[in-house]
Amino acid sequence: MIRINVTIEVRKEVCAQVVKLLHEMSELSRQEKGCIGYEIFESNRLDNVLMIIETWENEDLLAIHKKSGHFVRIIPMVRKLATKMCSQKFTDMASVNEAIIGCHSVKNYTPDKVGVETIERLLRAAMYAPSVRDRCSWEFFVIEDREHLDTLAGTLPEGIALRTAPVAILVCCNTRQAGSDGGSWPQELGACVQNLVLQAYGEKLGTTWIGVYPQMHWVHQVKTLFHLSSEFVPFAIVAIGKAADKQAPVFERYDPLKIHFITR
C-alpha cells in the first residue's frame with residue numbers, strides 16, 4: 001500500500017478554483033483501479049492551505065494513474081495556480097494488525113514538532129469512531145504551549161510523558177451533543193482515542209494515553225486549567241511525538257483461557 005500526502009498553498013483569490021479542480025480530480029481518481037482513497041482537505045487553521053491524501057494498492061497502479069487523462073490535464077493546472085506544492089510518499093504504513101500489536105505508551109519524546117497536517121490526519125481518524133445516532137459528542141483541544149504541558153505533567157499522576165511531548169490533544173465530551181440518554185459517550189470517546197493512537201502509530205509517532213475521566217478531581221483540575229465551559233468534560237489527554245528511545249517489543253497478550261464460547 002502506498003499513501004501520498006500533497007500539501008498545496010494557494011492565494012486566496014484562486015483557492016475556490018483550485019478546490020474545484022481537486023474535487024474533479026478526486027472523483028475521477030476514485031474510479032481508477034487500485035485507488036483505495038483520494039480525499040481533499042482544507043486546513044482548519046490556514047485558509048490558503050489544501051491537502052490531497054491519496055492511497056494506492058501498489059506502485060504499478062500509481063504509475064498508471066499518473067498517465068491518466070485527468071492527471072495529465074488537471075495537475076499542471078493546479079501547479080500553475082499554486083504558490084507552493086510539495087508531496088510526501090509513504091510506502092511502509094503499518095497494517096491494522098501491526099498497529100494494534102505494536103502500539104504502546106511512549107514515556108520520552110524528541111523535541112521534533114508535529115506538523116499541523118499530521119495533527120489533522122490524527123483527528124480525522126479519531127472522528128471516524130462509532131457514535132450512537134452519529135452524535136459525535138467529542139471535542140478536541142490541541143496543546144502545544146510548553147507551560148500548559150508542564151502544568152499537566154505535574155497535575156496528572158500518569159502525565160510524566162507530557163514533560164517531553166511536543167504536543168498533546170485533550171479529548172473532551174460536549175455534553176450538549178451527548179443527548180439526554182448520553183451514557184454511552186465514555187465508550188465512544190474511548191474508541192475515538194484508540195483511533196487517534198493507531199493512526200499516530202501508522203504515522204511513525206509515539207503516543208501516551210493519559211486518562212482523566214472518571215476521576216472527577218482530575219476532571220475539575222483540567223477544566224480549571226483551560227477555563228473550559230460547563231458543557232465540556234475532559235476525558236483523556238494524548239501525548240504525541242517521536243519516541244526518543246528504542247521501544248521494547250510488546251509482550252504476548254493473547255490468552256485463549258480468557259475466551260469463553262456461549263452455546264446452547
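Every number in this text was worked out from the coordinates using simple rules, so none of it is lab data. The model shown is predicted, which means the values in this text are computed figures rather than measured ones. When we count neighbours, we look across all protein chains shown, and the Cβ atoms used for this are built from the backbone with ideal geometry, even at glycine.
Numbers below:
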quantity	calculated
Principal-axis tilt of helix 216-226 within the chain, Cα atoms, nearest 10 degrees	50
Calculated log₁₀ intensity ratio I(q)/I(0) where the Debye formula runs over C-alpha points of segment 2-90, q = 0.10, 0.11, 0.12, 0.25 Å⁻¹	-0.23, -0.28, -0.33, -1.37
ARG253-LYS84 pseudo-label distance in nm [points 7 Å out on the Cα-to-Cβ vector]	4.0
Cβ-derived FRET efficiency at R0 45 Å, PHE261 paired with ILE160, nearest 0.05	0.65
Kirkwood-type radius of segment 96-241, with distances r between different C-alpha atoms, in Å	15.3
For segment 2-90, size of Cβ-based charge dipole, Lys and Arg +1, Asp and Glu -1, in debye	320
Helix axis angle, 12-30 relative to the chain longest principal axis, alpha carbon, degrees	90
Theoretical ellipticity at 222 nm over the chain - DSSP helices of four or more residues, -39500 (n - 2.57) apiece, nearest 500	-11500 deg cm²/dmol
[x] 15.6; [y] 18.9; [z] 14.9, with the label sought being that of the calculated mean projected area of the Cα convex hull in nm²	[y]
Dipole axis of segment 2-90 (+1 Lys, Arg; -1 Asp, Glu on Cβ), positive-most option in ILE40, LEU50, SER29	LEU50
Likely footprinting exposure, LEU22, LEU123, fewest C-beta neighbours within 10 Å first	LEU123, LEU22
Kirkwood hydrodynamic radius of segment 205-251, Cα pairs, Å	12.5
Least to most buried among HIS217, HIS23 (fewest other Cβ within 10 Å first)	HIS217, HIS23
Charge dipole magnitude, Cβ of K and R +1, D and E -1 - the chain, Cα centre, debye nearest 20	360
Within segment 78-175: Cβ-based charge dipole about Cα centre, in debye rounded to nearest 20 (Lys, Arg +1; Asp, Glu -1)	480
Listed residue (GLY202, LEU170, PRO249) projecting farthest to the positive dipole end of segment 111-264, Cβ model	PRO249
